Each structure stands twice: as structure tokens, then as C-alpha cells.
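Colleague: This is the structure I want to talk about, given as C-alpha cells.
Computed from the coordinates by the stated procedures, all read-outs in this text should not be read as laboratory data. All of these numbers come straight from a predicted model, not from anything done at the bench. Glycine also receives a Cβ, built like all others from the backbone with ideal geometry; neighbour counts cover every protein chain displayed.
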Amino acid sequence: MRSFAPLAVRFLGVFLLALAQLLPIPANAGSDLASPMFGVTIPEGYRNWPVVASSHRTDKDEIRVILGNDIAMKAYRAGTLPFPDGSILAKLAWKRVKSAEFETAFVPGEPQRIEFMVKNAKKYASTGGWGFGRFVNGKPADETQHGTCFPCHQSLVKGNDFVFTRYAP
């Protein structure tokens, strides 16, 4: 009997990308509102980037989709580490809710935040070459929240250029 897991992962990725296209983009997307410590802003057009992978985080009860710009996607597809400067990863997170239409399925509910990792080895040398941006309702989170980004990445995924998400082709 064939496993439907690969097909389900692809379906979920396509579904989440389609949903990301439908969700409203904050009015100040791409504005000069920058994350503290790193100066990362919301990149224009990020919702049109390809899907790297989707994930489910049980401790936060969230469904997430990770997107990558062209530079990051080229590196993912080639298996290039470290990621080249100019790579940007975006994470969109929603609360997980039961589907009204399909009893055993969960779907994205209320948006939680969007987060970005921007690769610039010189500018962000003290944080592994990555700058971080976390935004809630289009506004950057405070410095305390941003201060937790790199220590977590450093402690858990140092050997993968500080990136959690693996490419799901």
C-alpha cells in the first residue's frame, strides 16, 4: 500500500501558500518600521515567494509556512550552506484550528506573526550572519523578543547555518 504522506505534505504546502495570498497584507508592509537590534523590515512581495516547507509547532499550537526569496531558494535547491548574502526567509504563523469542512483536518486560524531572517555576513557577523525581524500586526516586536532569536538558533541549529527549516521539494 502506498503512503500518502508525500502527497499530503505537498497539498498542505500549496494550501498554505494559497491561504497566504488571501490573507491581508499589513498596510505598512515594506515600510520603514524596522526590527530593533537588527533593522530588518518587511520585504515587499514576500507573500509571492516560493514555499520552503510547512511545519506544526505543538507547544504554540501553530501551523507555519516558511517562504524563501529567489536567493534562498537557489541555495536550498543546490544544498548550499552557508546561505549566501541576500537570502531572506519568511515565516508566517497561524493558530491551528479544526477544519469546519473536514473533521480530521486542522487549518490556519488567527494570524500570530510574521518573522524574517536576512543573511548579511558582515552586517550581522555577531549573530551568525543573520538579522532577525518579528512583526505582529505589521509592527516590530520589542527588543526583548528579538533578543531571543539568535540564542535559540545558535543552540539548536548552528550546524545548519542557524536555519531550522529544511527544504521540502
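Colleague: Which residues does a label at residue 160 reach in the range 79-93, if reach means a backbone N under 17 Å from a point 7 Å past the Cα toward the Cβ?
Modeller: What the label zone holds, given the 17 Å backbone N cut-off, is 79-84, 88-92.
Colleague: What does the highest-first list of 116-122, 48-54 look like by mean Cβ count within 10 Å?
Modeller: Numbers: 116-122: 20.0, 48-54: 18.4.
Averaged packing, sorted descending, gives the order 116-122, 48-54.
Colleague: Residues with beta-carbon under 14 Å from that of residue 76, excluding residue 76: net charge, scoring Lys, Arg +1 and Asp, Glu -1?
Modeller: +2
Colleague: Among 61-73, 33-45, 98-110, how do they line up from the highest to the lowest mean number of other beta-carbon atoms within 10 Å?
Modeller: Highest-to-lowest ranking by the protection proxy: 61-73, 33-45, 98-110.
Colleague: Give me the mean projected area, in nm² to one decimal, of the convex hull enclosing the Cα positions of the range 31-73.
Modeller: For the Cα atoms of the range 31-73, the hull's average projected area reads 4.3 nm².
Colleague: Oh, and also: How much length would be gained if the chain were fully extended between residue 148 and residue 105, taking 0.36 nm per residue of separation minus their Cα-Cα distance, in nm to one decimal?
Modeller: Full-extension gain reported as 12.3 nm.
Colleague: With the cut-off at 31 Å, tell me which of the pairs 74/98; 74/158; 91/122; 95/158; 95/122 have Cα atoms farther apart than that.
Modeller: Numbers: 74/98 35 Å; 74/158 21 Å; 91/122 23 Å; 95/158 28 Å; 95/122 35 Å.
Violating the 31 Å limit, Cα to Cα: 74/98; 95/122.
Colleague: Mind putting a number on the dipole of the range 55-118 about its Cα centre? Charges go on the C-beta only, +1 for Lys and Arg and -1 for Asp and Glu, and I need it in Debye to the nearest 20.
Modeller: For the range 55-118, the charge dipole is close to 80 debye.
Colleague: Counting Lys and Arg as +1 and Asp and Glu as -1, what is the net charge of the other residues whose Cβ lies under 15 Å from the Cβ of residue 147?
Modeller: -2
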